[in-house]
Amino acid sequence: MRSRRRLSKNRRRLLTCGSGATARRVGVRYGIIGDIHGNLEALTAVLDMLKQEGAVRHVCLGDIVGYGADPVSCISRVRELDAICVAGNHDYAAIGQTPVDYFNPHARHAVMWTREQLGQKERDFLTEMPLMRKLDGFTLVHASPEAPAEWNYLYHALEAARSFQVLDTHVCFIGHSHIPVTFVSNGSCGTRPPEDFTVSHSKRYLVNTGSVGQPRDGDPRASCCIFDTASGLVQVKRVGYDINAAQAKIIAAGLPPVLALRLARGE
Ligand code: ZN
């Protein structure tokens, strides 16, 4: 019984995480989330929406923790999902795996607070997350594919052009800036607004899915994507959630009030 269960788990991994040949043929509807930042209310709302939209597999682009008041619960939800994860700078900072010197004082305060909340189980989970991975024909990285450990931000097409030089998949999903945008390379590199599109095989794409738990594009709703590997459709989703509840927890935890205020402004 035990070995049968292991076999079926391995088989599931092969179907969804391996070279991807089988998964692409069948098609998988991925829910792609990132920059959750300990915001359980936003994560819950996003996962409810993804379920309704028929996402069957989940990908997490890192920064599960940092800023928000529910780092442990957010890690638990991501683990329950069996999500395919890469690490963000806040995840690694919370386990001492990347320096905190360059964080602003509020972010550093939140990192140190988060560190105290984590148990061994959570630390082990964050430690095991790689910086970058490929599955089913696409790449996942928190910051930028050309130097994932340097935590560079991709705000402009010029910066994205460097990433396209090293990218060997048609599509790469990223986070980090908390601003949803898609960079498109077709010889030259440009941007397109965060709207639904279908992947063309003559172009390559760097898709920033925006932030679940701390959006910074002026829209306070949680942001994420759905990628359907059968149709090639990338959908950009925004989801309202109980911001007041997330703010109250940040204040009650003694975290900097500015981290609560910014949630309502989406900045
Ligand atoms: Zn982040």
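Values quoted throughout were computed directly from the atomic coordinates according to the rules given, and no laboratory measurement underlies them. Since we're looking at a predicted model, the values are computed, not measured. Quick reminder, even Gly has a Cβ in these numbers, built from the backbone with ideal geometry, and neighbours come from all protein chains shown.
Between ALA252 and ASP124, what FRET efficiency follows from the Cβ-Cβ distance if R0 is 25 Å, with the result rounded to 0.05? After rounding, the FRET efficiency stands at 0.35. Among the lysines in region 115-267, how many pairs, 8 or more places apart or on different chains, have alpha carbons under 24 Å apart? For region 115-267, qualifying lysine pairs total 4.
Contact order, relative form, for region 26-265: 24 percent (alpha carbon pairs under 8 Å, 6 or more residues apart, mean separation divided by residue count). Each label was represented as a point 7 Å from its Cα along the Cα-to-Cβ direction; for TYR102 and ARG133 these points are 2.4 nm apart.
Let me check against my output: what whole-number percent is the relative contact order of region 83-165, with C-alpha pairs under 8 Å and at least 6 apart?
On the way: 71 pairs, mean separation 24.3, N = 83.
It rounds to 29 percent for region 83-165.
Equivalent-ellipsoid semi-axes for region 26-265 (Cα gyration tensor, √(5λ), whole Å, largest first): 27, 19, 17. DSSP beta bridges confined to the chain are antiparallel in about 70 percent of cases. In sequence order, region 132-146 has phi-based couplings of 8, 7, 10, 8, 6, x, 10, 10, 10, 7, 6, 9, 9, x, 7 Hz under the Karplus curve 6.51 cos²θ - 1.76 cosθ + 1.60, θ = phi - 60°, and Gly or Pro positions carry x. The relative contact order of region 118-231 comes to 20 percent, based on Cα pairs under 8 Å that sit 6 or more residues apart. Our summary of shape: the Cα atoms of region 178-262 have principal axis extents of 51, 26, 16 Å, ordered from largest down, in whole angstrom. On a C-alpha basis, how far is the centre of region 136-198 from the centre of region 211-234 in Å? Whole number, if you could? Their Cα centres are 14 Å away from one another.
For region 82-145, rounded, prolate or oblate, judged on the Cα gyration tensor with a ≥ b ≥ c (square roots of eigenvalues), a/c < 1.5 rounded, else prolate if a/b > b/c? Oblate shape, in that a/c is at least 1.5 and b/c is the bigger or equal ratio.
Which value, in Å³ per residue, describes the convex hull spanned by the Cα atoms of region 58-188? Numbers along the way, then the final one.
On the way: hull volume 13.9 nm³, N = 131.
Taking only Cα atoms, region 58-188 has a hull volume of 106 Å³ per residue.
Using just the helices of the chain, give the 222 nm mean residue ellipticity in deg cm²/dmol: DSSP H runs with n ≥ 4 each add -39,500 (n - 2.57), and the total is spread over all residues, rounded to 500. Intermediate values should be presented prior to the final figure.
On the way: 10 runs with 103 residues, N = 267.
The helix-only estimate for the chain comes to -11500 deg cm²/dmol at 222 nm.
Among ILE243, ALA147, HIS106, which residue has its Cα positioned farthest towards the positive end of the charge dipole of region 26-265, with +1 placed on the Cβ of Lys and Arg, -1 on the Cβ of Asp and Glu, and the dipole taken about the Cα centre? Positive-end residue among those listed: ILE243.
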